[in-house]
Amino acid sequence: MQFNEPAGTNLFDSATIVGKDHTRIDGPLKVTGAAPYAYERHDVVEGQLYGYPVGATIGHGTITAMDTEAAKAAPGVRAVVTTLDIDPLELGMNNVARLFGGSEVMHYHQAIAVVVADSFEQARAAANLITVSYEEGEAVDYSLDAAFERMEGTGEPDTQYGDMEAAFSDGAVTIDQMYHTPGESHQMMEPFASIVDWSDGGDLTGWISNQMINWTHGSLATTLGINKERVRIESPYVGGGFGGKLWLRADTVLAALGSRAAGAPVKLALPRPMMMNNATHRSATVQRIRLAANPDGSLRGISHENVSYCLPGGRGENATAQTPLFYASEAMHVKNHLAEMPLPETADMRAPGEAAGLMALEIAMDEMAEALEMDPVAFRLANDTQVTPSNPDMPFSERHFAECLEQGAEAFGWDSSRPAPGSRREGDWLIGQGVAGAFRGALALPSGARAAIENGKLVIETDMTDIGTGSYTILAQTAAETMSLTMDDVEMRLGNSAYPVSSGSGGQFGAVSSSTGVYAACMALREKIAQQLGLEEATFADGQVGSGNERQSFLELDVEAVDSIQWGDFMGEFQKATFGAHFVEVGVNVYTGETRVRRMLAVCDAGRIINPVTARSQVIGGMVMGVGAALSEDMALDTGRGMFANHDLASYEVAVHADIPEQEVIFLDTLDDVASPLKAKGVGELGLCGVAAAVANAVYNATGIRLREYPLTLDLMLDQLPEV
Amino acid sequence: MKAFSYEKPTDAAAAAARAAEVEGAKFVAGGTNLLDLMKLQIEAPVHLIDVNGLGLDEITETDEGGLRIGTLVTNTTLMADDRIRRDYAVLTRAIAAGASGQLRNKATTGGNLLQRTRCPYFYDTAMPCNKRAPGSGCGALSEGAFSRQLGVIGTSESCIATHPSDMAVAMRALDAVVETVTPSGNTRQIPLEEFHLLPGDTPEQENALMDGELITHVVLPAPVGGVQSYHKVRDRASYAFALVSVALIRQPDGTGRVALGGVAPKPWRSAEADAELPNGARAVIAKLLEGANPTEENAFKITLAERTLAAMLKEA
Ligand SMILES: Cc1cc2nc3c(=O)[nH]c(=O)nc-3n(C[C@H](O)[C@H](O)[C@H](O)COP(=O)(O)OP(=O)(O)OC[C@H]3O[C@@H](n4cnc5c(N)ncnc54)[C@H](O)[C@@H]3O)c2cc1C
Ligand code: SF4
């Protein structure tokens, strides 16, 4: 199916299933522990052995020797494979640090050996017996501030228009500040985990936990140097990924190499303390933002420069991603820099770019509103735009940012009189409100599915994954709606490389792309059914197909169709994005500086909401992550060693239940007929974008202390809080 | 984890004797700390002596009007006990501020006192750590290391780790006494003040127990009354170790006791600082943390302790 023009009126406009609340169809499996997650798939292949990884323990350098004698002789050990045993493996898609092979250590906890044994405990104990000698690499300056100073102003700007100099002169109100965001680790609940059967070194089957079946399928073949046809992978249930599982990771590679060496299937999970330094993470950023505005509040100039770190060839964290698109401005200068550092790999984490960028930009907007003595909601409204700031000929397909702000202010009880910072107090708590805008692009990728009638059911197969997002449910809704069946008539099969290639789960493109792919396959199935029954002008209603007054059921047929959605060029004439506004109220303890969120509201403009309950879960989950980003999450870089020291969940503090108060979500349920036939976009990342800045702005409003460095911990505030 | 053998004796003195006799033996109670450390091979006992069969799980009244807490009394039971809640409220408050419900159900009184530090370098066996591997150096004191959580006083050039317990801080304010049985069958009483050791050059020696010595009870003296409070400060609202915690017992006449957690290798209290209570938080903390030697990253703990105590004094 080609999507070549705006959707116009279609069956989703009179939908009875799409757009309605449906609890997760896989919920019962999950709450009873019956959903087969990768590490627990004891039944898929006999004779599974246990693998345990060994990680490098220097920041970077070379391995000069490894002694595996004791490990090989340890009880129960079947195989030991070290990185010195093989040549460096090819890099899979978007892998920057090699996953295994060779003597070079590119980062702390890079995998350097796998031990395979009869039991998990034996494998782990034996792994501890391996000794490694290193030649450490040269000392490195890990200061991102220093990197920013070196790079600022260099290179071709990514976006540049208008007269910046003029914008910042002649009576402009200006602000000019530096902002810091820390490294963040995905730390999804289910660790990286795989069972791989490559016992004979021939065909390979992997039961893994991964967001992108097709990419990882190809990467696994490339990395192991075998033909893709010989590789099959499954990932039907994923216990969270947040972008960490977009790519092939070490767990799958080590399980494969261990399996070939031991001649038996091997299961392996990355231990939690290895996840932070072995896998990818969101880079820290240093950002400078300068804003210039007219006294009436209209922006004259925006300058945003960012630096993040990565290994050579990496992408870091482009915190300027939203800036060219979010606010109108007469002139703009945007530049993203990358500083190469031998640290663990940086790559996509939920809302890559916008998450870190809005943490800074939306504080800057608050600061400017204050400088202008304007309400921050009104200031943002004054700089809303319906067209691309750098290219007025390119409109947004749909943009309802203003409604998000207005409805949010109303629903939240936003106090536009803006009491002076630090003036509202309840007992020991200083109370403040903050607002921030949310922006995240609305990408769509080609996505396919197979739709078939089998044994009286509509079966949908696609390699799309459900990473806790609700894909099973929304795809079943789309299929049932398109075929005019009920949810009970649909059987969903996901996450298998044997199924048609989908978009996969990432970049909040999953829901819109894969639902359209299922729609395409179902429309193709409708045609096949009509053909088989010899019907012209077939209509589908109430579980039946007919033409004229003749109607019949079609669930006893044997018929199938495969199709995919291809996105037309016309979409390139529009900017597509999702918008939101976050409102937060915090209390800051006047004595200790502890910040506790009291209530939060998100208003989202993200096209048709396919399933309000699962979408709400996505948004409140994003808000929780935003609270963690605002208040506690911080990968603590040991600058002497080039490693993140707090690499477990006791010391890398994500938000816990007690941190999360009342959360409210309002969906505008706007329709975007340029975005997809369902007129839907994504919400999976929007819920995170801007949250942390709303918290920071609320902390400022509560205390009068302007923090520009995350997390907003009490030590940054103690000496500025009122005397006690 | 290394393979280990296991036994579950029923007599306390016999358990202590066995622990001294079998080289590399360790007691296990709730297991919430020891098993984690064994999995990471930070501890590698070859033999575990499970103390859960010793029957030391009661809270009884002493002749002196205090309470005698069996070492196996769980944190959940202890904090919920009516007598503790009524007469030793600081203890209930401190325990409730620690760990999570599930962990407190398993954690025991003796195990809690003996839990080990949460220093991140202690936890990463690839890192130097004098406490885990004596003589290897201190990972947290090297240039560029992460020390925000660690101690500011009572530390040494060998080790700046803190003792992470909340319960022990309240017990220190209550002048608790640890009762033990030694391998030769004798009982001993060790005031909590003397129970945990400062690191000096031997941070691996964390307490006054001799090899094989078993904690049987913790004795609380007769109730001291007063308003008893515990304030634990941390970055997130729950399930985190203290940046700073304060146990306060304040009498109507303004005198009282103060013990700090999160700042030192042991619950931190001094008679001189207690004596400053009528003069306010600044005076108390100035005395209590006199000679503090923080790192750049954790110097805020001193101000934080003072401000936290100030908040509590206003209420007490
Ligand atoms: C995730 C997590 C969060 C936590 N958060 C907190 C917190 O916020 N505040 C806090 O205070 N604590 C916290 N804890 C620590 C917890 O309180 C301790 O793990 C627990 O109290 C230990 O008790 P246990 O009975 O399980 O000890 P075990 O793990 O069984 O033993 C600990 C040590 O004590 C020794 N031992 C046990 N009993 C005796 C005895 N009778 N005589 C001699 N030696 C003995 C053992 O040999 C071992 O060395 C946390 C723990 C975890 C895992
Ligand atoms: S502070 Fe103590 S526990 Fe931490 S690394 Fe140094 S010696 Fe080890």
Mean shadow of the stretch B:234-292, computed from the convex hull of its alpha carbons, in nm²?
4.7
Ratio of Rg to Rh for the stretch B:1-143, alpha carbon only, Kirkwood?
1.03
First obtain the Kirkwood hydrodynamic radius of the stretch A:526-622 from its Cα pairs, then insert it into the Stokes-Einstein equation at 20 °C and 1.002 mPa s, and state the resulting D in µm² per second as a whole number.
111
Below 8 Å, C-alpha to C-alpha, sequence gap of six or more: please give me the relative contact order for the stretch A:567-650 in percent.
19
When the Kirkwood hydrodynamic radius is evaluated over all pairs of different C-alpha atoms of the stretch A:225-285, what value in angstrom, to one decimal, is obtained?
13.7
Residues meeting the amide H criterion for A:GLY422 (H placed from the backbone, H to H distance under 5 Å, 5 or more places apart or on another chain) are A:ALA702, A:THR703, A:GLY704
Per its Cα gyration tensor (rounded if a/c is under 1.5, else prolate when a/b beats b/c, else oblate), chain B is best filed as oblate
If Lys and Arg each add +1 and Asp and Glu each add -1, what is the summed charge of the other residues whose beta carbon sits under 11 Å from the beta carbon of A:ARG641?
-4
P(r), alpha carbons of the stretch A:7-125 - 10 Å bins starting at zero, rounded %
11, 25, 23, 16, 11, 10, 3, 0
Give me the one-decimal nm value for the distance between modelled label points at A:GLU46 and A:LYS528, 7 Å along each residue's Cα-to-Cβ direction.
3.5
I need two numbers for the stretch B:171-288: Rg to one decimal and Dmax as a whole number, Cα atoms only, in Å.
16.1, 48
Exercise: per-residue mean of other protein chain Cβ atoms within 10 Å, A:630-636:
3
For the stretch A:359-468, alpha-carbon Rg relative to the globular expectation (2.2 N^0.38 Å, N residues):
1.68
So what is the relative contact order for chain B, in percent, with contacts set as C-alpha pairs under 8 Å and at least six apart?
19
To the nearest 0.05, the calculated FRET efficiency linking A:VAL173 and A:ALA35 through their beta-carbon distance, R0 being 35 Å, is 0.05
Using a basic spin-label model with each label point 7 Å from the Cα along Cα→Cβ, how many nm lie between B:ARG188 and A:SER298?
8.2
In terms of modelled amide H atoms, which long-range or inter-chain residues lie less than 5 Å from the amide H of A:ALA577?
A:SER397, A:GLU398, A:ALA442
Taking R0 as 35 Å and r as the Cβ-Cβ distance between B:THR10 and B:ARG83, the FRET efficiency 1/(1 + (r/R0)^6), rounded to the nearest 0.05, comes to 0.80
Hey, what's the per residue convex hull volume over the C-alpha atoms of the stretch A:234-333, in cubic angstrom?
164
What does the stretch B:26-79 give for Rg and for Dmax, in Å, if only its C-alpha atoms count?
14.3, 44
Quick one: compute the contact order of chain A, relative version, from alpha carbon pairs under 8 angstrom and 6+ residues apart, as a percent.
17
GluC sites (Glu not before Pro) in the stretch B:1-102 lying in a DSSP loop, each with at most 12 other Cβ atoms within 10 Å of its Cβ, come to B:GLU23, B:GLU58, B:GLU64
Could you work out the mean projected area of the convex hull around the alpha carbons of the protein assembly as shown, in square nanometres to one decimal?
43.6
Would you order A:LEU361, A:LEU91, B:LEU78 from fewest to most other beta-carbon atoms within 10 Å of each residue's own beta-carbon?
A:LEU91, B:LEU78, A:LEU361
So the compactness index of the stretch A:283-348, its C-alpha Rg divided by 2.2 N^0.38 Å, takes the value 1.32
Could you work out the mean count of beta carbons from other protein chains within 10 Å of each residue's beta carbon in A:586-596?
4
Exposed GluC sites (Glu not before Pro) being those in a DSSP loop with at most 12 other Cβ atoms within 10 Å, the longest stretch of chain A free of them is A:139-372
So if the hydrodynamic radius of the stretch A:570-724 is defined as the Kirkwood radius over C-alpha pairs, what does Stokes-Einstein give as its diffusion coefficient at 25 °C and 0.890 mPa s, in µm² per second?
143
Starting from the Cα of A:SER14, step 7 Å toward the Cβ, then list every residue of the stretch A:508-542 with an amide N under 17 Å from that point.
A:537-542
Just from its helices, what would the mean residue ellipticity at 222 nm be for chain A, if runs of 4 or more DSSP H residues each count -39500 (n - 2.57) and the sum is divided by every residue, rounded to the nearest 500 deg cm²/dmol?
-7000 deg cm²/dmol
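Taken together, the values in this text are just the output of simple stated rules run on the coordinates, not laboratory data. For clarity, every value in this text was computed on a predicted model and none was experimentally measured. So basically every Cβ, Gly included, is an ideal-geometry build from the backbone, and we count neighbours across all protein chains shown.
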